[in-house]
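*Asks:* After the structure tokens below, expect a handful of questions from me.
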């Protein structure tokens, strides 16, 4: 009995010894992985239907087409726009690299989920503005913008809002319109004012694509600055556009529309009724990481160049946004007489509230922007600006656009931009009336007294 118990007691010892022997016999001591294969990038096969790109996913640098300049790209967020800020971060970054500021007007109130970025409602922190407030806010912001981007607005543009945008474009501002057939939008309520019609279709190609028949390749472009250096782009959810202007990107013969059977030409990019209006029926190519594939990044860089080379001009209603800071910027304030110093300081403080540098100067510098403050007796000092605007000051106040007025209790405001600079003249009958005219400039009240784009009469 004792012998049997001893044998059972030794069994764990024998088992442990056997396991240790087997482990030491079969285990070599460590694992040495095989050397990693060094495959050059250009030998990595491309996805089906997409040609290999020896130069990599896109250009290694993003050089602006022109030296950086000051300006503002305004992005619409007032119309329940169906996109996220993170989706256009590349466009924002490239625009900022070119010296422009980027601002949103309104708040984006949507979120996206799912493979096709389907819009889902989320609670907004603040109630959306009523139509009149929205109109006033858009008008205020467009006064200082050089370019305006409208992306997937779900709320329609009113006729009054469209008129504001038309006026902005007529002043030389650039307008970018972006749609996406996979998301709800009402972009045609604005686009149609410029002759554009975004179709409710999507483009597809079952012969050659980027792994999905809706991921189409575009290789045919209208030559120009906007398409320079662009050979192939991939659009991941594109629609087509009808336009009175020329197309910019053309789908190939194997690409079809889900709606327009037998269409001769399908344009996912086109000009509007002027070269100041650019329409693109796809958002996906600018969304990371798609923005770095093939020549998508180069196309996006060209769009940033386009938006930051605006020839926007300003009129009197845009005060004070035609003035700029910079190395040679700032405003000279000229006084018709020393007794108007307090009014000059009042103007200087008002410009400072807009972060505009200014200085009171004794003499006019024709290379700098100016404001001239004076009484009617000082009118001969600025006669060249008054005559150019059709304004006469003698016993009465006369303009080309309003009846003659007695000088008592009146002020006149004239903007001249004929010498590649902005020269503003403010004249009045008394220092008190002049001070009130300056106050009206910053309150916006003067806009109700405009008799033309460059002349205002306050009485």
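*Asks:* Tell me, yes or no, whether the stretch 387-398 has at least one residue that is in the same structural domain as residue 325 (by TED's automatic domain parsing), assigned to a strand (DSSP E or B) and touching a residue at least 40 places away in the same chain (Cβ under 8 Å).
*Replies:* Within the stretch 387-398, one or more residues are in the same structural domain as residue 325 (by TED's automatic domain parsing), assigned to a strand (DSSP E or B) and touching a residue at least 40 places away in the same chain (Cβ under 8 Å).
*Asks:* I need every pair where a residue in the stretch 207-223 that is free of Cβ contacts under 8 Å to residues at least 24 places away in the same chain and in the same structural domain as residue 295 (by TED's automatic domain parsing) has its Cβ under 7 Å from the Cβ of a residue that is part of a loop (DSSP other than H, G, I, E, B) and surrounded by fewer than 20 Cβ atoms within 10 Å (Cβ to Cβ), sequence separation at least 6 or different chains.
*Replies:* Qualifying pairs under 7 Å: 213/206.
*Asks:* Picking from 136, 226, 176, 217, which residue would you name as being surrounded by fewer than 22 Cβ atoms within 10 Å (Cβ to Cβ), part of a strand (DSSP E or B) and within 20 Å of the chain's Cα centre (by Cα)?
*Replies:* 176
*Asks:* Only one of these conditions is not met by residue 296: (1) without any contact (Cβ under 8 Å) to a residue 12 or more places away in the chain; (2) in contact with a helix residue (DSSP H, G or I) (Cβ under 6 Å, 6 or more places away or on another chain). Which number is it?
*Replies:* For residue 296, the failing item is (1).
*Asks:* Is it true that residue 333 is free of Cβ contacts under 8 Å to residues at least 40 places away in the same chain, touching a helix residue (DSSP H, G or I) at 6+ places or on another chain (Cβ under 7 Å) and assigned by TED's automatic domain parsing to the domain that holds residue 441?
*Replies:* For residue 333, the condition - free of Cβ contacts under 8 Å to residues at least 40 places away in the same chain, touching a helix residue (DSSP H, G or I) at 6+ places or on another chain (Cβ under 7 Å) and assigned by TED's automatic domain parsing to the domain that holds residue 441 - is not met.
*Asks:* Check whether at least one residue in the stretch 244-255 is surrounded by 22 or more Cβ atoms within 10 Å (Cβ to Cβ), in contact with a strand residue (DSSP E or B) (Cβ under 7 Å, 6 or more places away or on another chain) and part of a loop (DSSP other than H, G, I, E, B), and report yes or no.
*Replies:* yes
*Asks:* Assuming residue 152 fulfils every condition listed in (1) within 13 Å of residue 78 (Cβ to Cβ); (2) touching a helix residue (DSSP H, G or I) at 6+ places or on another chain (Cβ under 8 Å); (3) crowded, with 20+ Cβ neighbours inside 10 Å apart from one, which condition is it?
*Replies:* Failed condition: (2).
Residues are listed down the side, and each one gets a yes or a no for (1) surrounded by fewer than 22 Cβ atoms within 10 Å (Cβ to Cβ); (2) in contact with a strand residue (DSSP E or B) (Cβ under 8 Å, 6 or more places away or on another chain); (3) in a helix (DSSP H, G or I):
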residue	(1), (2), (3)
299	no, yes, yes
302	yes, no, yes
305	yes, no, yes
311	yes, no, no
317	yes, yes, yes
345	yes, yes, yes
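*Asks:* Determine, yes or no, whether residue 360 is crowded, with 18+ Cβ neighbours inside 10 Å, touching a strand residue (DSSP E or B) at 6+ places or on another chain (Cβ under 8 Å) and in the same structural domain as residue 342 (by TED's automatic domain parsing).
*Replies:* When the stated conditions are applied, residue 360 does not pass them.
*Asks:* Which numbered condition trips up residue 416, out of (1) closer than 22 Å to residue 318 by Cα; (2) surrounded by 12 or more Cβ atoms within 10 Å (Cβ to Cβ); (3) touching a residue at least 40 places away in the same chain (Cβ under 8 Å)?
*Replies:* Of everything listed in (1) closer than 22 Å to residue 318 by Cα; (2) surrounded by 12 or more Cβ atoms within 10 Å (Cβ to Cβ); (3) touching a residue at least 40 places away in the same chain (Cβ under 8 Å), residue 416 misses just condition (3).
The values are calculated or read from the model by the stated rules, or taken from the named source; none is laboratory data. Owing to the predicted nature of the structure, the values given are computational and were not obtained by experimental measurement. Neighbour counts run over all protein chains shown; Cβ positions are idealised from the backbone, glycine included.
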